[in-house]
Amino acid sequence: MNAIRTLIARELYSYFVTPVAYVFIVIFLVLAGAFTFQLGGFYQREQADLMPFFTFHPWLYLVLVPALAMRLWAEERRSGSIELLMTLPVSTTEAVVAKFLAAWLFTALALALTFPIWLTVNYLGNPDNGAILTAYLGSLLMAGAFLAIGSCLSATTRNQVVAFILTAAVCLVFLLAGFPLVLDAFGGWAPGWLLDTVAGLSFLTHFNALSRGVIDVRDVLYFLLVIAAFLYATAIVLEMKKAN
Amino acid sequence: MIQAERLTKRYGPLLAVDALSFEVAPGEVLGFLGPNGAGKSTTMKMLTGFVAPTSGDAIVCGHRVSGDARAARDRLGYLPEGAPSYPEMTVRAFLAFIAAMRGLRGPARRTAVDRAVGQLDLGDVLAQTVDTLSKGYRRRVGLAQAILHDPPVLILDEPTDGLDPNQKHQVRRLIEGMAADKIIIISTHILEEVEAVCSRALIISSGRILADDTPQGLAARARRHNAVTLRPRAAGDAAQIAEAVDALPGVDSVERADDGTVTAFPADGAPIIGDVAALAGERGWPLVELHQESGRLDEVFREITGETVS
């Protein structure tokens, strides 16, 4: 546990001594605000909820989270510091979990900094704050799933650009798994049960339920399972090709 | 004690390390010598557990690297090739991070960091980030990181690469100072370094051990070891001198250079300078130079590794 805490602290230190943290947070907040008010029509809807705010989170994450995740392992690999890290008394699993948690904590911070929109909607009306909290939870879980995918793909390469593009692509597939763009690829040949399975993997479907304030254990469990699976895959990838 | 038991690493069709076995005892400074790509770094990576061997195993202070990696790593200090670190961190933060990962906290951490900083003379750059440091300082930060927890085993991959002569000297003094009760393994392709700090040298090429000896023992294998060079005042005397020296019982062969220098090689590596000097005195040769050669490690190195790499 100590090793994990120390590693998380080191990762967060690195976010904040480089421009990564500030650029990410500022762009995230600006875009979140712009989408909510411009595209989402926050005022025009005249409803006291944060739907216009949460609707755009999947698309924000699609661009920003891969940028955050791409450096997780590719950077360690490129600079060679992975050799330093992996010969310290820490297991691969601990290192994977610590780096992921640091990135997740960081996105949680960025998400928490959107609190003015919550104050605004409470000032303007009487929203269902339980639903808003659930939506925040869903957003955080989805960010975690994106990060875990990014962690795994970052571990496969020493090139951050490759890690970014792969992560964005895989995340897009997961987002749209329930939609024609992805399902059509399985159309003519896949059996029905496979189609249903693929459709069931859709981040959007699971997130939409949560963002409307509906806590379904299956949705929460789904995101947690995706995170666990991709972190496990990260550890396997690292063990397999640590040195190359 | 470190034991390597038939350590083998295969990268696809390439056999990088081929059943390497050796033991190192406390107090020894072992030098890995070998051409680039000989398998030095790969062997070190296997000793530290970073790379899993294809077959074979290493045992560090009684702990198998394959089965008990954590315990083995606790006893190791490791400077990876190129001294990687986290460039965005300050030296102080980086060393504090490594110390924390090593389980040091509170006053113990401060003491350990202060000691390493003192030993490597890093006091002036503590507040600088690693990416603003010169290559020499980065190497020293890497060394400081390796000795923080005062481990019984140090594995240093090219510890003096990129240092200037003064810094090299400083690092060698540091290694010598720590050598008494530790196991230290260094890799290098600087031969003078082996002579300066190592008590034992392994010459490795194509993943195999070609020689395992003290630096002096290796140097004695050189053809020039204990050879005697004479330079007469007049180059014309050379032929006569060469003939007389060649007739001495301990002399195997004699070579003459264009400038009149005569070099006599001993038959079995035994010193012949006494006999040659006595002969020169007896005959009254007018010499401007008479000295005994010592075997040079680079000569031995080329002889031993030459045939396998070229």
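The values are calculated or read from the model by the stated rules, or taken from the named source; none is laboratory data. Here the structure is a predicted model, which means the values were calculated and not measured. Positions of Cβ are generated from backbone atoms using ideal geometry, with glycine treated the same way; all protein chains shown enter the neighbour counts. Areas reflect the complete protein model, heavy atoms only, side chains present, ligands, DNA and RNA absent. Shrake-Rupley method; radii C 1.70, N 1.55, O 1.52, S 1.80 Å.
To the nearest ten degrees, helix B:106-120 and the longest principal axis of the Cα atoms of chain B are 20 degrees apart.
Measuring with a 1.4 angstrom probe and ignoring ligands and nucleic acids, residue B:155 comes out at about 0 Å² accessible. Rounded, prolate or oblate: which fits chain B when a ≥ b ≥ c are the square roots of the eigenvalues of the alpha-carbon gyration tensor, with rounded for a/c under 1.5 and prolate only if a/b beats b/c? Since a/c reaches 1.5 and a/b is larger than b/c, the shape of chain B is classed as prolate.
Mind checking which lysines have their C-alpha under 17 Å from residue A:99, skipping anything on the same chain fewer than 8 residues away? Cα-Cα hits under 17 Å: A:242. The amide H of residue B:79, built 1.01 Å from its N in the peptide plane, has B:155, B:156, B:157 as neighbours under 5 Å, considering only residues 5 or more places off or on other chains.
Note on the protein assembly as shown: percent of Cα-Cα distances in each 10 Å bin, starting at 0 and stopping at the bin with the largest distance, equals 3, 15, 20, 18, 14, 12, 8, 4, 3, 2, 1, 0. Label separation (residue A:183 vs residue B:270): 9.6 nm, computed from points 7 Å beyond Cα along the C-beta direction. Here the range A:2-243 is treated as a sphere whose radius is the Kirkwood value from Cα pairs; by Stokes-Einstein at 25 °C and 0.890 mPa s it diffuses with a coefficient of 130 µm²/s.
Rolling a 1.4 Å probe over the protein heavy atoms gives the protein assembly as shown an accessible area of 43 Å² per residue. Measuring nothing but how far apart in sequence close Cα pairs (under 8 Å, 6+ apart) lie, relative to its length, chain B scores a relative contact order of 19 percent. Label zone (residue A:209, point 7 Å along Cα-to-C-beta; backbone nitrogen cut-off 20 Å) within the range A:34-61: A:51, A:54-59. Using a Cα-Cα cut-off of under 15 Å, which aspartates and glutamates could be cross-linked to residue B:182, ignoring same-chain neighbours fewer than 8 residues away? The qualifying aspartates and glutamates are B:23, B:28, B:74, B:150. Rounded to the nearest 10 square angstrom, residue A:162 shows an accessible area of 60 square angstrom against a 1.4 Å probe.
In this structure the amide hydrogen of residue B:252, modeled in the peptide plane, comes within under 5 Å of the amide hydrogens of B:265, B:267, none closer than 5 places in sequence on its chain. Given Cα pairs under 8 Å that are at least 6 residues apart, what percent is the relative contact order of chain A? Relative contact order for chain A comes out at 27 percent. Among the GluC sites (Glu not before Pro) in the range A:31-79, those placed in a DSSP loop whose Cβ has at most 13 other Cβ atoms within 10 Å are A:46. Ordering A:73, A:59 by accessible surface, largest first, gives A:59, A:73; the 1.4 Å probe counts only protein heavy atoms, with every chain in place.
Sequence-ordered 3J(HN,Hα) estimates for the range B:66-71 from the Karplus curve with 6.51, -1.76 and 1.60 and θ = phi - 60° stand at 6, x, 10, 4, 4, 5 Hz, glycine and proline given as x.
For the range B:41-57, the Karplus equation 6.51 cos²θ - 1.76 cosθ + 1.60, evaluated at θ = phi - 60°, returns couplings of 5, 4, 4, 5, 4, 6, 5, 8, x, 5, 10, 7, x, 5, 8, x, 7 Hz by residue, with Gly and Pro reported as x.
Of the DSSP H helices in chain A, those with a Cα length along their own long axis of 20 Å or more and a mean Kyte-Doolittle hydropathy reaching 1.0 comprise A:20-34, A:92-112, A:129-155, A:160-175, A:217-240.
Net charge within 9 Å of residue A:89 by Cβ-Cβ distance, Lys/Arg positive one each and Asp/Glu negative one each, not counting residue A:89 itself?
So the surrounding residues net to +2.
Summary value for the range B:1-60: 46 percent relative contact order, contacts being C-alpha pairs under 8 angstrom separated by 6+ residues. Loop-located trypsin sites (Lys or Arg not before Pro) across the range B:210-242 with a Cβ neighbour count of 13 or fewer within 10 Å are B:233, with loop assigned by DSSP. Extents of the range A:155-225, largest first, come to 39, 34, 18 Å (Cα atoms, principal axes, whole angstrom). Given axes a ≥ b ≥ c from the Cα gyration tensor, I'd like to know whether the range B:233-285 is rounded (a/c under 1.5), prolate (a/b larger than b/c) or oblate. Judged from the Cα gyration tensor, the range B:233-285 comes out oblate (a/c at least 1.5, b/c at or above a/b). Annotation: lysines with alpha-carbon distance below 16 angstrom to residue A:241 (same-chain offsets under eight excluded): B:9, B:45.
Sorted by accessible area (1.4 Å probe), largest first, how do B:293, B:243 line up? Please list the in-between numbers first.
On the way: B:293 40, B:243 135 Å².
Per-residue accessible area, sorted high to low, gives B:243, B:293.
Heavy-atom accessible area, probed at 1.4 angstrom with all protein chains present, ranks A:13, A:136 as A:13, A:136, highest first.
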